[in-house]
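Visitor: My questions all concern the structure below.
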Amino acid sequence: MEKKNGFTLIEVMIAMAIFGIVMTGIYQTYYFQQKSYLKQEQVVELQQSLRAGLYFLSIDIKMAGYDPDGEADATITTANIARLDFQVDENASGAIGDGPKETVQYALTNDNDTDGIADGFPCNLGRQYNGAGGFQPVCDNVEALEFCYVLDNGTATLAPPDADRMSRIRSVFISMLVRSANPVKDYTNNTVYTQASNDNNLTPGLTDRPPAWGPFNDSFKRRLTVTKINCRNMGTVSAP
């Protein structure tokens with residue numbers, strides 16, 4: 001009779017141990033790759049959201065005060081740390097309000113005390129036209145927003161006190177802090193974010209600087225952008 005050899009118990013245990021080690025290595029590799037992928041996905045979402053928000057802000061603010069015949073007196077009407085409203089004589093009619101997008105308003109959608117800090121989530125950068133229809137989001141998950149204004153004499157302010165000084169605004173520093181929609185596992189955000197009003201190189205001579213943003217000491221990824229947009233139509237009147 002032919003003798004058939006099998007595996008001994010020790011051989012089976014060794015094989016199982018090797019298999020377990022290999023599978024553990026494969027799982028750990030997959031786990032770390034998946035975690036890295038999720039983190040990068042969060043970063044990509046933040047960057048895309050910021051780009052979208054800055055695109056709309058840049059396009060609109062550059063048009064602030066557009067008044068081709070000089071008859072509409074288009075100007076900036078509200079300018080503070082968390083709110084920016086301005087007029088555009090879009091249809092060159094010589095009046096404001098008879099076009100669909102002639103008063104443009106920007107603010108956070110969840111900022112009840114209008115300090116530029118989100119009071120809860122969801123909170124987005126919102127835009128509204130002609131004071132109607134509600135603020136529609138143009139940038140998601142915005143945690144903090146700051147408008148800082150540079151006047152025609154080069155001085156910076158967070159809140160021009162009157163209509164005369166609002167008409168003298170020539171550029172706007174926009175600081176916007178966005179955060180990830182979901183927390184990131186095994187991550188702690190203890191970064192301090194410096195907005196324009198806290199950067200003396202950007203806004204020299206500014207008084208009453210608000211505190212910087214953070215540290216938040218939580219698990220959300222964040223990205224800060226500080227951008228200067230020139231109001232190219234403020235202080236000029238185009239020829240008809």
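Visitor: Considering only residues that are modelled with pLDDT of 90 or more and surrounded by 18 or more Cβ atoms within 10 Å (Cβ to Cβ), look in the range 69-79 and name the one that is farthest from Asn198 (Cα to Cα).
Guide: Ala74
Visitor: Answer with yes or no whether Thr203 is touching a residue at least 40 places away in the same chain (Cβ under 8 Å), among the polar types (S, T, N, Q) and within 24 Å of Val138 (Cβ to Cβ).
Guide: no
Here is a yes/no grid of residues against (1) modelled with pLDDT of 95 or more; (2) crowded, with 16+ Cβ neighbours inside 10 Å; (3) touching a Phe, Trp or Tyr at 6+ places or on another chain (Cβ under 8 Å); (4) more than 21 Å from Thr77 (Cβ to Cβ):
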residue	(1), (2), (3), (4)
Ala92	no, no, no, no
Gly154	no, no, no, yes
Thr157	no, yes, yes, no
Ser180	no, yes, yes, yes
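Visitor: Moving on to the next point. Does Arg209 qualify as being more than 23 Å from Asn80 (Cα to Cα) and basic (Lys, Arg)?
Guide: No: the conditions fail for Arg209.
Visitor: Of the residues in the range 208-237, how many are basic (Lys, Arg), closer than 18 Å to Ser175 by Cβ and modelled with pLDDT under 95?
Guide: Number satisfying all stated conditions: 4.
Visitor: Go through Tyr66, Tyr31 for me and flag whichever is modelled with pLDDT under 90 and over 17 Å from the mean Cα position of the chain (by Cα).
Guide: Criteria check complete, one pass: Tyr31.
The values are calculated or read from the model by the stated rules, or taken from the named source; none is laboratory data. What you see is a predicted model, and the numbers here were worked out from it, not measured in a lab. Note that we place each Cβ from the backbone using ideal geometry, even for glycine, and neighbour counts take in every protein chain shown.
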